[in-house]
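Below is one structure, written out as structure tokens, with a few remarks after it.
Taken together, the values in this text are just the output of simple stated rules run on the coordinates, not laboratory data. Owing to the predicted nature of the structure, the values given are computational and were not obtained by experimental measurement. Cβ sites come from the backbone with ideal geometry, for glycine too, and all protein chains shown count toward neighbours.
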Amino acid sequence: MKCQQCDKQAVFHITELETGEVRELHLCEDHARSYLNQSETGGGGEGEEKASPGGALTGPLAVGQTADELALLDKKACPMCGITFFEFRNQGRLGCPHDYVHFEKELEPLIANIHGSTQHTGRRPDRAATGSPLPEGTEELTGVIGLRRGMQEAIACEDYEKAREDRDAIRAIEERWLGAPRA
Amino acid sequence: MKLDTLAQAVGEWLRGTGPESDIVMSSRVRLARNVAHFPFVSRAAEQDRADVEKFLRERIATVPAGQKLEYIDVGRLEEIDRQFLVERQLISREHAEAQGARGVAIDGLEQVSLMINEEDHLRIQCMHSGLDLRGAWEQIRGVDEQIGKAVAYAFHPRWGYLTACPTNVGTGIRVSVMLHLPALVITRQIDKVFRSLHKISLAVRGLYGEGSQAMGDFYQISNQTTLGRTEEELVEQVGDVVPVLIDYERRAREFLVRETQQNVHDQVSRAYGILRTAQTISAEETMQLLSRVRMGVLLGLIGDVKIADINSLLVRTQPAHLQKLRGIELDTKDRNIERARYLRRHFEGHAAEGTN
């Protein structure tokens with residue numbers, strides 16, 4: 001992919017998120033530097049919190065993360081839905097609930113910049129009222145997303161034994177946490 | 001549900017009743033929710049989306065709030081019907097244009113709408129006429145509580161309700177009011193007002209939310225952050241600023257009447273004249289002119305038109321509504337002719353009523 005501002009190869013892929021709007025930037029190293037410096041000075045003095053929500057994603061790049069380090073981070077994939085951080089940065093949309101756990105460290109500065117907070121203080125699900133065995137967080141249940149993906153891959157490879165195992169594991173989780181198999 | 005029957009009604013957001021409805025068209029609260037055991041919509045395979053759609057549709061039907069709703073399979077609708085639902089603000093443009101299994105459940109009053117497989121698995125929306133954020137919040141809270149008992153919403157103790165986009169995470173709430181601010185536009189104070197709203201983390205969008213250009217001086221004000229504050233605090237954040245904006249707009253209207261009465265009267269009368277006599281007219285121009293006439297009626301400069309009629313024309317002159325009311329599909333050129341005809345007929349009816 002070419003840089004949006006010149007003919008060089010784009011090595012920085014920046015996703016700006018502003019009030020739900022997604023803007024993608026694909027830039028070569030030089031243009032990325034000047035873009036990032038610009039957004040830094042735009043957000044106040046050095047070392048200060050940046051005002052724009054997009055600053056959160058560009059921030060870590062500006063403090064000297066190399067293209068190699070970035071490439072490594074970009075390849076980090078969620079074991080449940082398989083989305084890479086690169087894909088998230090390009091689309092501005094996460095792949096599944098587990099991404100908030102798997103990419104927690106990477107998402108934290110982004111979320112802090114968007115919301116000015118990293119702790120939910122609003123309403124919580126009232127599991128007790130429904131007699132659900134599920135804890136407040138739904139991580140246990142989200143595990144079936146990875147299993148379902150594994151099952152589909154196994155079917156594609158005609159590994160029916162693994163597909164059966166995955167299916168049984170999915171049923172066991174759903175029965176345990178939801179009280180009954182889903183379908 | 002017969003969409004053609006809906007076309008005859010006006011819908012909650014344009015009913016034109018409720019507190020402060022001369023300026024506040026509607027109050028809306030929406031919640032973004034996802035099912036814990038499925039990938040988010042943009043990552044979901046076709047089968048996953050179909051499973052989510054079926055799962056949510058069935059579960060929603062088991063709760064009391066859900067039983068009052070009519071379900072529409074948006075994936076199977078013709079383009080014109082999807083557009084129709086967008087014009088009524090019952091589904092988003094993104095939902096209309098998306099692919100795959102998706103639907104919407106709507107109540108008869110068009111106050112509650114549940115979108116399935118929009119950006120998130122479930123988007124619950126509640127809309128009330130006029131300024132009634134508290135009422136809309138109380139209603140949506142009840143619906144959300146009931147569905148939350150039938151569905152395991154994706155939740156994390158630290159991050160709250162988990163959403164496809166991190167801009168919605170936490171409460172997943174978007175609180176908004178749709179305001180009609182023609183006098184602030186005419187007196188060129190609107191940009192100043194918006195800049196100050198941005199400073200306190202409120203977002204401003206035009207009607208239908210495309211870019212910053214508002215159609216017909218209708219603006220939507222909403223919260224930008226969803227994490228770190230409670231739902232009630234966010235409802236208040238938006239609610240607190242509305243009386244201030246109402247006051248600005250009222251003062252600007254008074255200023256116009258006091259200082260430039262002739263100009264305003266002229267502008268409003270010309271707008272009214274075009275609407276009554278044009279032979280072809282675009283949706284954008286119609287909305288702009290209706291906006292001016294609406295202000296004229298509120299300022300007492302036009303006597304024989306009701307606000308409710310203006311509100312109804314705002315939605316019925318939209319492309320899909322026009323075609324549904326006419327009963328045939330029309331291209332842009334024919335729509336503009338039909339729109340002008342519809343407006344002339346409407347206002348002629350009024351004139352006739354007035355002389356009787």
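The table for this structure:
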{"quantity": "Cα extents of chain B along the three principal axes, largest first (Å)", "calculated": "63, 46, 32"}
{"quantity": "Per-residue mean of C-beta atoms belonging to partner chains within 10 Å, peptide A:148-160", "calculated": "1"}
{"quantity": "Peptide B:173-183 - average C-beta neighbours from other chains (10 Å radius)", "calculated": "0"}
{"quantity": "Convex hull volume per residue in cubic angstrom - Cα atoms of the range B:89-191", "calculated": "157 Å³"}
{"quantity": "More than 15 angstrom apart: percent of Cα pairs within the range B:253-300", "calculated": "42 percent"}
{"quantity": "q = 0.12, 0.30 Å⁻¹, the range B:113-166: log10 I(q)/I(0) [Debye, one scatterer per Cα]", "calculated": "-0.33, -1.22"}
{"quantity": "Spherically averaged projected area in nm², based on the convex hull that wraps the Cα atoms of the range B:26-142", "calculated": "6.8 nm²"}
{"quantity": "Shape parameters for the protein assembly as shown, alpha-carbon atoms, Rg then Dmax in Å", "calculated": "25.3, 84"}
{"quantity": "Length released on extending from A:Ala71 to A:Arg124, taking residue separation times 0.36 nm less the Cα-Cα span", "calculated": "15.4 nm"}
{"quantity": "Relative contact order computed over chain B (Cα-Cα under 8 Å; 6+ residues apart), in percent", "calculated": "19 percent"}
{"quantity": "Rule-of-thumb Rg ratio for the range B:64-107 [Cα; 2.2 N^0.38 Å; N residues]", "calculated": "1.12"}
{"quantity": "Cα convex hull of the range B:217-356, projected area averaged across orientations, nm²", "calculated": "11.5 nm²"}
{"quantity": "Net length gained if the chain between B:Asp266 and B:Ile307 were fully extended (0.36 nm per residue, minus Cα distance)", "calculated": "12.8 nm"}
{"quantity": "Cβ-placed point charges (K, R +1; D, E -1), dipole of the protein assembly as shown about Cα centre in debye, nearest 20", "calculated": "1260 debye"}
{"quantity": "Chain B - mean residue ellipticity at 222 nm from DSSP helices (-39,500 (n - 2.57) per run, n ≥ 4, rounded to 500)", "calculated": "-16000 deg cm²/dmol"}
{"quantity": "Where Cα atoms sit under 24 Å apart: lysine pairs in chain B separated by 8 or more or lying on different chains", "calculated": "8"}
{"quantity": "Selected from B:His156, B:His346, B:His121 as most flexible by GNM, with chain B as the system and alpha-carbon contacts under 10 Å", "calculated": "B:His156"}
{"quantity": "Residue among B:Arg344, B:Arg276, B:Arg158 with the largest mean-square fluctuation in a Gaussian network model of chain B, springs linking Cα atoms under 10 Å", "calculated": "B:Arg158"}
{"quantity": "Rg/Rg_globular for the range A:76-165, with Rg_globular taken as 2.2 N^0.38 Å and Rg from C-alpha atoms", "calculated": "1.35"}
{"quantity": "For the range B:176-251: span of alpha carbons on each principal axis (Å, largest first)", "calculated": "37, 27, 18"}
